[in-house]
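Below: one structure, written as structure tokens.
The values are calculated or read from the model by the stated rules, or taken from the named source; none is laboratory data. Keep in mind it's a predicted model, so treat the numbers as computed, not measured. No Cβ is skipped: glycine too gets one built from the backbone with ideal geometry, and neighbour counts run over all protein chains shown.
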């Protein structure tokens, strides 16, 4: 099987998986062939590829499905476990999976329109809140999920990386985030199973209503879930006053629909935007500019 893989996809695989990315790319045609044989699939065209190979497919009985193949890792295992917990409630269904080989066979959502296409932001925010209510639940026992605290512990690397400084982050902004992260996790609030990457590009329309795809499967306080939503869509660039106004409207809607304290939503958004910026940075501090700008917006927002 010859694959014409986009350069951005292969670059991501090599950059974020320096030890095994190249080998996995070489194995990918064989993995796709194995998936097709095991689950009796006819493979179709790939979707836009970022960190996993995802393509349309159809089963032997003609049912349209989606095949996802990625480098086996804890994140993919957590996604599989989370989709099993959701069992189609507020999320696409997991039909088959092999965590050891990084293979997932998923329900094909039709029409599959992303929430980002809705022009009415208030309406889209309301839909997102309703979907969030469907997927949130206490953390099941004996499951392998990702720890939200573990994610935020990564921010300790910033001062090490920049010789005690904060690199591209304004010192005041990063210090605010450090203090908030410390206080939020010191509260010892009840843990929930969260999507972890809940935003407009991961909420799709279907015959069963609006559903999420690509959950990370993260355990932590429920209010964190709003952070990724508030900094998205990432391809919309707003003037600061407009960004603050949109944030206020969104937090008001989410607080009312979900029963969350609006101030807690704001502080989690600050923390998430700093973490997101760190993830997008390289070792020199380049990258993550958009998320850093949102951190400033959230700090200035009054709710």
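The residue that is surrounded by the most Cβ atoms within 10 Å (Cβ to Cβ), counting only those in the range 114-149 that are out of contact with any helix residue (DSSP H, G or I) (no Cβ under 8 Å at 6 or more places or on another chain) and under 23 Å from residue 80 (Cα atoms), is 131.
Evaluation of residue 39 against the conditions (1) modelled with pLDDT of 95 or more; (2) over 15 Å from residue 213 (Cβ atoms); (3) surrounded by fewer than 17 Cβ atoms within 10 Å (Cβ to Cβ) shows that the sole unmet condition is (3). Quick one: is residue 300 within 26 Å of residue 54 (Cα to Cα) and either out of contact with any strand residue (DSSP E or B) (no Cβ under 6 Å at 6 or more places or on another chain) or assigned by TED's automatic domain parsing to the domain that holds residue 197 (or both)? Against the criterion (within 26 Å of residue 54 (Cα to Cα) and either out of contact with any strand residue (DSSP E or B) (no Cβ under 6 Å at 6 or more places or on another chain) or assigned by TED's automatic domain parsing to the domain that holds residue 197 (or both)), residue 300 does not qualify.
Considering only the range 1-99, give the helices (runs of 4 or more DSSP H) lying wholly within it that have at least 1 residues that are within 27 Å of residue 134 (Cα to Cα). Helices (runs of 4 or more DSSP H) meeting the threshold: 74-86.
For the range 140-159, the set of residues classified as modelled with pLDDT of 95 or more and over 17 Å from the mean Cα position of the chain (by Cα) consists of 153, 155, 156, 157, 158, 159, listed by residue number.
Taking the range 255-297 as the range and being over 19 Å from residue 170 (Cβ atoms) and crowded, with 21+ Cβ neighbours inside 10 Å as the test, the residues that pass are 265, 268. Return yes or no: is residue 14 touching a helix residue (DSSP H, G or I) at 6+ places or on another chain (Cβ under 6 Å) and either buried (at least 18 other Cβ atoms within 10 Å of the Cβ) or not assigned by TED's automatic domain parsing to the domain that holds residue 282 (or both)? Taking the combined requirement at face value, the residue satisfies it. Consider residue 163 carefully, then state whether it is free of Cβ contacts under 8 Å to residues at least 60 places away in the same chain, surrounded by fewer than 19 Cβ atoms within 10 Å (Cβ to Cβ), under 17 Å from the mean Cα position of the chain (by Cα) and assigned by TED's automatic domain parsing to the domain that holds residue 251. The answer is no for residue 163.
Let's see how each residue does on (1) in contact with a helix residue (DSSP H, G or I) (Cβ under 8 Å, 6 or more places away or on another chain); (2) part of a loop (DSSP other than H, G, I, E, B):
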residue: 185; (1), (2): yes, no
residue: 233; (1), (2): yes, yes
residue: 238; (1), (2): yes, yes
residue: 256; (1), (2): no, no
residue: 268; (1), (2): yes, no
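Taking first residues from the range 204-221 that are at positive phi and partners that are assigned to a loop (DSSP other than H, G, I, E, B) and modelled with pLDDT of 95 or more, the Cβ contacts under 6 Å between residues at least 6 apart in sequence or on separate chains come to 214/202; 217/145.
Kindly indicate the residue of the range 11-29 that is in contact (Cβ under 8 Å) with a residue 24 or more places away in the chain and farther than 18 Å from residue 282 by Cβ and also farthest from the chain's Cα centre (by Cα) among those meeting that condition. So, considering only residues that are in contact (Cβ under 8 Å) with a residue 24 or more places away in the chain and farther than 18 Å from residue 282 by Cβ, the one farthest from the chain's Cα centre (by Cα) is 29.
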